[in-house]
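The values are calculated or read from the model by the stated rules, or taken from the named source; none is laboratory data. Just so you know, these numbers come straight off a predicted model, no measurement behind them. Glycine gets a Cβ as well: all are built from the backbone with ideal geometry, and neighbour counts include every protein chain shown.
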Amino acid sequence: MNAAAQSKSICLCVTGGIASYKAAHLTSRLTQAGIQVHVAMTPAATDFVGASTFLALSGNPVHSSVGATTEAPYGAHIHLATHCDVLAVVPATANFLAKAAHGLADCIASATYSAFDGDVFLAPAMNSSMWSNPATQRNLQQLADDGCQILAPEEGWLSCRQQGTGRLQSISDILSTLLHCCNP
């Protein structure tokens with residue numbers, strides 16, 4: 001393991017899409033690479049994968065509420081935003097993208113994003129109609145203009161039983177991008 005990588009930490013925001021199960025694999029791979037991973041899960045994300053999975057894979061408490069103050073007396077979102085070097089949202093749902101683009105901060109992921117001052121990576125995953133929706137594209141453009149790095153989805157088989165663009169970028173590619181950011 002690279003000593004420089006050990007000093008880096010990533011806040012991984014997991015939002016409520018079917019691709020959230022792939023974020024567990026990403027967490028494992030990042031941890032194996034020596035990155036400290038701190039997971040923030042939206043309530044919708046827990047419909048797809050449990051917090052205990054991320055706790056086991058990261059070795060760190062999982063945050064699911066802005067108001068939870070057990071670990072961070074000033075709010076989990078502020079704690080994560082000030083103690084992590086990089087923020088990655090995997091998967092970034094259309095809902096999250098809309099919130100972030102418009103400054104809404106009503107869940108742990110959007111509040112942490114709003115408070116974070118550093119490199120932000122968004123890995124969208126959604127149905128191809130949602131991906132191509134003009135509002136989603138406007139939100140993505142706004143977020144790119146704001147300095148976020150968009151890890152564009154791939155074309156392929158989607159959970160809606162269709163082929164199209166919207167499949168989460170491969171975990172290997174996301175991992176490579178995040179490791180490059182943590183080890184310039």
Q.
I'd like the full set of residues that are under 23 Å from residue 180 (Cβ atoms) and either in contact with a His (Cβ under 9 Å, 6 or more places away or on another chain) or among the aromatic types (Phe, Trp, Tyr) (or both), limited to the stretch 110-139.
A. 112, 113, 116, 121
Q | Failed condition for residue 136, given (1) at pLDDT 95 or above; (2) touching a Gly at 6+ places or on another chain (Cβ under 8 Å); (3) in a helix (DSSP H, G or I) | A | (2)
Q. Out of all the residues in the stretch 141-159, is one or more surrounded by 20 or more Cβ atoms within 10 Å (Cβ to Cβ), among the aliphatic types (A, V, I, L, M) and in a loop (DSSP other than H, G, I, E, B)?
A. yes
**Q.** Cβ pairs under 8 Å, 6+ apart, first in the stretch 107-131 and over 22 Å from residue 165 (Cβ atoms), second part of a loop (DSSP other than H, G, I, E, B) and among the aliphatic types (A, V, I, L, M)
**A.** 107/66; 108/66; 110/104; 111/66; 111/105; 113/105; 114/105; 115/105
Q) Picking from 42, 31, 93, which residue would you name as being within 30 Å of residue 156 (Cα to Cα), polar (S, T, N, Q) and in contact with a Leu (Cβ under 8 Å, 6 or more places away or on another chain)? A) 31
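Given the residues 106, 47, 119, 85, which is the only one that is among the charged types (D, E, K, R) and within 18 Å of residue 169 (Cβ to Cβ)?
One residue alone meets the criteria, 119.
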Q. Got a sec? Which of 94, 101 is closer than 24 Å to residue 169 by Cβ, surrounded by 18 or more Cβ atoms within 10 Å (Cβ to Cβ), in contact (Cβ under 8 Å) with a residue 24 or more places away in the chain and more than 13 Å from the chain's Cα centre (by Cα)?
A. 101
Q: Can you tell me which residue among 100, 68 is modelled with pLDDT of 95 or more, more than 23 Å from residue 179 (Cβ to Cβ) and hydrophobic (A, V, I, L, M, F, W, C)?
A: 100
Q: Answer yes if at least one residue in the stretch 108-116 is under 19 Å from residue 35 (Cα atoms) and part of a loop (DSSP other than H, G, I, E, B), and no otherwise.
A: yes
**Q.** Hits in the stretch 72-91 (condition: buried (at least 24 other Cβ atoms within 10 Å of the Cβ) and within 15 Å of the chain's Cα centre (by Cα))
**A.** 77, 80, 87, 88, 89, 90, 91
Q: Test residue 49 against the criterion of being in a loop (DSSP other than H, G, I, E, B), at pLDDT 95 or above, in contact with a helix residue (DSSP H, G or I) (Cβ under 6 Å, 6 or more places away or on another chain) and over 23 Å from residue 135 (Cα atoms), and give yes or no.
A: yes
